[in-house]
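To keep things clear, I will list the structure first and then write my remarks on it.
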Amino acid sequence: MKETENLTPMMKQYWEAKRNLPPDVLLLFRLGDFFELFLEDAKEGAKILNLVLTQRQGVPMCGVPVENIEGYIGKLVKAGKRVAICDQMEQPKPGQLVKRQIVRIVSPGSNGYGSFLHPKEHQFCMGLFPWRNKLGISFIDITTGLFLAGQLDTDKEFFEMVVRYKPVEIIVPEGVDFPFIRRDAQGKEALEGPVQDCFIHRYFSWAFSYEEAQSFLVNHFKVSSLEGYGLGEMPAAVCSAGALLRYFGEELHQSLSHIVKILQIVPQHILWIDAIAQKTLEINHTQSKSGKSLFEAIDRTVTPGGGRLLRRWLSEPSNQLGVIEERQQAISFWLNNPNKRKELREILEKIGDLERLLSKVSQGYVNPRELSSIKESLRQLPVVKGLLSSLDEGLICRLCEDIALENELVEELEKALEENPPFSTKEGGIIKKGYCPALDELKEMSEQGKKWLIDFEQKEREKTGIKTLKIKYNQVFGYLIEVSHSQSKWVPQHYERRQTLANVERFITPELKEIELKILGSKNRAIELEQNLFEVLKEKIASRIPSIQKTMEAINKLDVLTSLADLAQERNYCKPTMVDEPVIEIEEGRHPIVEQCMASGDFVPNSTYLGPDQRILLITGPNMAGKSTYIRQVALLSLLAHTGSFIPAKKAKIGLLDRIFTRIGSNDDLAMGQSTFLVEMNETANILHNATSRSLVILDEVGRGTSTFDGLSLAWAIVEELYKTNRSLSLFATHYHELAKLADIYPEIKNYSMAVVESGGNVVFLRKVVKGSTDKSYGIQVAKLAGIPDRVIEKAKKILSMMESGQKKKSPSKKIKDSLDGPSLFPYLFDQEQ
Ligand SMILES: Nc1ncnc2c1ncn2[C@@H]1O[C@H](COP(=O)(O)OP(=O)(O)OP(=O)(O)O)[C@@H](O)[C@H]1O
Ligand SMILES: [Mg+2]
């Protein structure tokens, strides 16, 4: 490179590092106590980090202090950048170029150390690869070592997966087009649809080839084939997973030693919650600022790993009777043994986030304080195991077996680590006395040195007669004899002057330098030795990662099961009976989130029956009566039952479902160029195409986004289609009273309504679901309750009565009537002139 010929050696080193990076990666280059950005990187970084751009020899640059680096990396990554960290690999020596090396590249999916990492949330990076008619998907949470892979049939399932796992970054092969990835005017790629804050990165297409991907995985896991992980017949999954793991290892320079297995995602074993339903039911995240998600409402876990697992159970409810019932039995057991449960949870609380700490051990960023917290967590394992071993319950016994004690490691850590070690390894103070004789000797020498200094000071005072003579230490000159100006005339000849300050002068003597050499020499060697011992301890922990991870899987499950038992007791939940037939029978069910926002007893329970003889419920009732709450409640309770959790009801029987769909509220997507009504119809079309007789469909006021007649006609036809073709269990909340007539035609469609009583022109909501439809909306009364001015209310009442009395219904032409097959809406809407 010609331009680099005149560069300083340091800038040459910079270019050396920069040249090997993908072009979009910003390079943070360590210069002493700062990480610096140069040139174009500096201009971009200064803007994002709000830093002052400076120049050195015409080169634009800006820097951030080493100690705050994680915060700055976090901001750059949040802005969609990837950041390479080029660190100093040795102590600087005067006159020599320091060795520097790229130690890691941080991208949204690999930023495991920022403060914005949520303890109870996974941080996934997703891999994607299309293979014939399949879509291979994989997920890695590098901060915990969780690695998942599977393959999907359609793009729709892709969106469900994206909403489910909420990846922060997606890795796709170069040169392959995806219908759901679009490019903006600046050439930046983004995802269409429900998750937009997700970064897309292209990676070498060869890395996605089956041979490359398969051999990378096989080599990493040191196995002869991937059969054992259930991926033998899943080429698309293998391509995506192999490339994703390679991306972390080779492109981002991450250590992969804590990724010890790959779990298969089996779409057929999951109750699918349609992407829209996941968002509108607010399962793992809420859309409103003040509201609570289902996760927040039911989470009682006491460890971060337990919290993350509960989220996974919520986003991957099972449709396997065996899995659900096993969890139910364990929860029942904990409910019946409240004292043991309390005892266990108190122990679990002391177990920190071992999975994330282990990931830090693997990446090499763990500090002495964190090592000590690993030790504290591991110390709890024998206590947990001791408690569990006396219990006799299937799943709990198996989990107990999965817990390995790590006694040797704990013993070693106890012997080696100080009780409260510092965060940094710079100053020593990590290793206990008695662990390493050589270290103790060095420490003794440096202690001894301090005594020599005191003696030396005393001796010099006596010799010179200067009572205020002091020994001082300074980074540049080391140990010095300090004497005030007024006294300096008394200093002996052999004192060498080193520093003159405003009030004092400082000297050295050969004897002092000799002591210094001994003290500093032994101190530095002691620190170095401590650092080496610390590295060895880290390696010892690293070698136990697979075993500790397995233990943590059991601990996480125990946390979730006991927390669900706590919840069931605290909020009076019941165990639903799960059956393999299309039925939902709930006695006195409550909405798990709304109930918690109210004073105890204020929420009115409601029952539900859906089954072969009652497949569709049409729910009418005034505004504000509780229709939406009721139909969501049925969806949430069905979902919760599929996770194995108990549910807020007196009694329930829930049939295994294949999918839950919802069409609720306005999911306006104006930014994507879609109108409210178009979104509503898109979502409904999706339901009509995919819902089966084993699906639960929740429709809230479908059709209201257009004119009354259009909306009503659509609603009518949609219900008929659901009834005849999809045959799904459905709940439809509506203001179209005319739909009630459907129940007269089709025996398995039933009318229900929300009870209200009128008193003195006002309406009182009973929140009770009762049989039969209602034909009153009380919209004007609700408007009055909401504070619409009286004169507007009065005017509205007049207009309403005029419209009611003046409504002249017309009949459609005979031609239209004849073209309709079967019973239809029109005879009920218009006077029947035969
Ligand atoms: N079972 C219940 N017990 C107590 N309060 C309830 C119950 N159901 C609903 N509510 C309260 O009533 C409010 C209105 O409920 P919801 O939004 O479900 O009414 P709606 O019938 O769908 O109204 P709209 O027709 O305007 O959409 C809720 O915010 C909740 O506070
Ligand atoms: Mg509503």
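The values are calculated or read from the model by the stated rules, or taken from the named source; none is laboratory data. What you see is a predicted model; the values in this text were computed from it and never measured. All Cβ positions, even for glycine, are placed from backbone atoms using ideal geometry, and neighbour counts span all protein chains on display.
Quick grid of which residues meet (1) in a helix (DSSP H, G or I); (2) of a type outside the set (S, T, N, Q); (3) closer than 30 Å to residue 104 by Cα:
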| site | (1), (2), (3) |
| --- | --- |
| 335 | yes, yes, no |
| 357 | yes, yes, yes |
| 362 | yes, no, yes |
| 374 | yes, yes, yes |
| 397 | yes, yes, no |
| 400 | yes, yes, no |
| 404 | no, yes, no |
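Being of a type outside the set (D, E, K, R) and either within 9 Å of ligand 1 (Cβ to nearest atom) or without any contact (Cβ under 8 Å) to a residue 24 or more places away in the chain (or both) is the filter here, so list the residues in segment 574-598 that pass it. Don't jump to the end; show me each part of the working.
Quick first cut of segment 574-598, residues of a type outside the set (D, E, K, R) only: 574, 576-579, 582-584, 586, 589, 591-594, 596-598.
Answer for segment 574-598, where residues must be of a type outside the set (D, E, K, R) and either within 9 Å of ligand 1 (Cβ to nearest atom) or without any contact (Cβ under 8 Å) to a residue 24 or more places away in the chain (or both): 591, 594, 597, 598.
Does residue 310 count as within 27 Å of residue 174 (Cα to Cα) and either outside the structural domain of residue 597 (by TED's automatic domain parsing) or part of a helix (DSSP H, G or I) (or both)? Considered against the rule, which asks whether it is within 27 Å of residue 174 (Cα to Cα) and either outside the structural domain of residue 597 (by TED's automatic domain parsing) or part of a helix (DSSP H, G or I) (or both), residue 310 comes out as no. Taken over segment 619-648, the criterion of being in a helix (DSSP H, G or I), small (Gly, Ala, Ser) and more than 8 Å from ligand 1 (Cβ to nearest atom) is satisfied by 635, 638, 641. Taken over segment 159-196, the criterion of being of a type outside the set (A, V, I, L, M) and either without any contact (Cβ under 8 Å) to a residue 24 or more places away in the chain or at positive phi (or both) is satisfied by 166, 175, 177, 182, 183, 184, 186, 187, 189, 193, 196.
Total residues in segment 389-409 satisfying the condition of being without any contact (Cβ under 8 Å) to a residue 60 or more places away in the chain and more than 30 Å from the chain's Cα centre (by Cα): the figure is 6.
Among the residues making up segment 105-123, those that are in contact with a Leu (Cβ under 8 Å, 6 or more places away or on another chain) and over 17 Å from residue 358 (Cα atoms) are 105, 106, 107.
If only residues of segment 472-490 that are farther than 11 Å from residue 457 by Cβ and in a strand (DSSP E or B) are counted, the one that is modelled with the lowest pLDDT is 474.
Across segment 715-736, the number of residues qualifying as closer than 23 Å to residue 581 by Cβ, aromatic (Phe, Trp, Tyr) and either out of contact with any helix residue (DSSP H, G or I) (no Cβ under 9 Å at 6 or more places or on another chain) or buried (at least 19 other Cβ atoms within 10 Å of the Cβ) (or both) comes to 1. Among the residues making up segment 619-628, a single one is more than 10 Å from ligand 2 (Cβ to nearest atom) and surrounded by fewer than 23 Cβ atoms within 10 Å (Cβ to Cβ): 622.
Residue by residue, here is whether (1) out of contact with any Ser or Thr (no Cβ under 7 Å at 6 or more places or on another chain); (2) of a type in the set (Asp, Glu); (3) crowded, with 20+ Cβ neighbours inside 10 Å holds:
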| residue | (1), (2), (3) |
| --- | --- |
| 33 | yes, yes, no |
| 45 | yes, no, yes |
| 48 | yes, no, no |
| 89 | yes, no, no |
| 108 | yes, no, yes |
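For residue 218, the conditions (1) in contact (Cβ under 8 Å) with a residue 60 or more places away in the chain; (2) under 30 Å from residue 366 (Cβ atoms) all hold with the exception of (1). Among the residues making up segment 431-471, a single one is in a strand (DSSP E or B) and closer than 17 Å to residue 517 by Cβ: 471. Looking across segment 717-744, the residues that are within 16 Å of ligand 2 (Cβ to nearest atom) and over 38 Å from the mean Cα position of the chain (by Cα) come down to 735, 736, 737, 739.
Of the residues making up segment 229-246, those that are surrounded by fewer than 21 Cβ atoms within 10 Å (Cβ to Cβ) and part of a helix (DSSP H, G or I) number 2.
If you take the residues in segment 120-143 that are part of a loop (DSSP other than H, G, I, E, B) and either among the hydrophobic types (A, V, I, L, M, F, W, C) or modelled with pLDDT of 90 or more (or both), which one is farthest from residue 179 (Cα to Cα)? Even if it seems obvious, please write down each step before you answer.
Initial filter on segment 120-143 (part of a loop (DSSP other than H, G, I, E, B)): 120-124, 132-133, 142-143.
In the following step, the residues that additionally are either among the hydrophobic types (A, V, I, L, M, F, W, C) or modelled with pLDDT of 90 or more (or both) were identified as 120-124, 142-143.
Numbers: 120: 32, 121: 29, 122: 27, 123: 25, 124: 22, 142: 28, 143: 30 Å.
Ranking the qualifying residues of segment 120-143, first place goes to 120.
Set side by side, the residues 378, 358, 354 differ, and just one is crowded, with 22+ Cβ neighbours inside 10 Å and under 25 Å from residue 427 (Cα atoms), which is 358.
Look at segment 602-631: where a residue is without any contact (Cβ under 8 Å) to a residue 24 or more places away in the chain and under 24 Å from residue 748 (Cα atoms), no partner that is within 16 Å of ligand 2 (Cβ to nearest atom) and of a type outside the set (Asp, Glu) sits 6+ places away or on another chain with Cβ atoms under 8 Å. Taking residues in segment 537-565 that are outside any helix (DSSP H, G or I), and partners anywhere that are not charged (D, E, K, R), the pairs with Cβ atoms closer than 6 Å and at least 6 places apart or on different chains are 544/409.
The rows are residues; the columns are (1) more than 14 Å from ligand 2 (Cβ to nearest atom); (2) small (Gly, Ala, Ser).
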residue	(1), (2)
688	yes, no
694	yes, no
700	no, no
709	yes, no
746	yes, no
759	yes, yes
773	yes, yes
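Among residues belonging to segment 9-41 that are part of a loop (DSSP other than H, G, I, E, B) and without any contact (Cβ under 8 Å) to a residue 40 or more places away in the chain, point out the one that is nearest to residue 204 (Cα to Cα). Once the filter is applied, the top-ranked residue is 23. Scanning segment 602-618 for residues that are within 16 Å of ligand 2 (Cβ to nearest atom) and over 34 Å from the mean Cα position of the chain (by Cα) yields 617, 618. Comparison of 276, 283, 262, 270 shows that the only residue that is crowded, with 20+ Cβ neighbours inside 10 Å and farther than 30 Å from residue 633 by Cα is 262. Between 588, 581, the distinction of being in a loop (DSSP other than H, G, I, E, B) and either surrounded by fewer than 24 Cβ atoms within 10 Å (Cβ to Cβ) or within 16 Å of ligand 2 (Cβ to nearest atom) (or both) belongs to 581 only.
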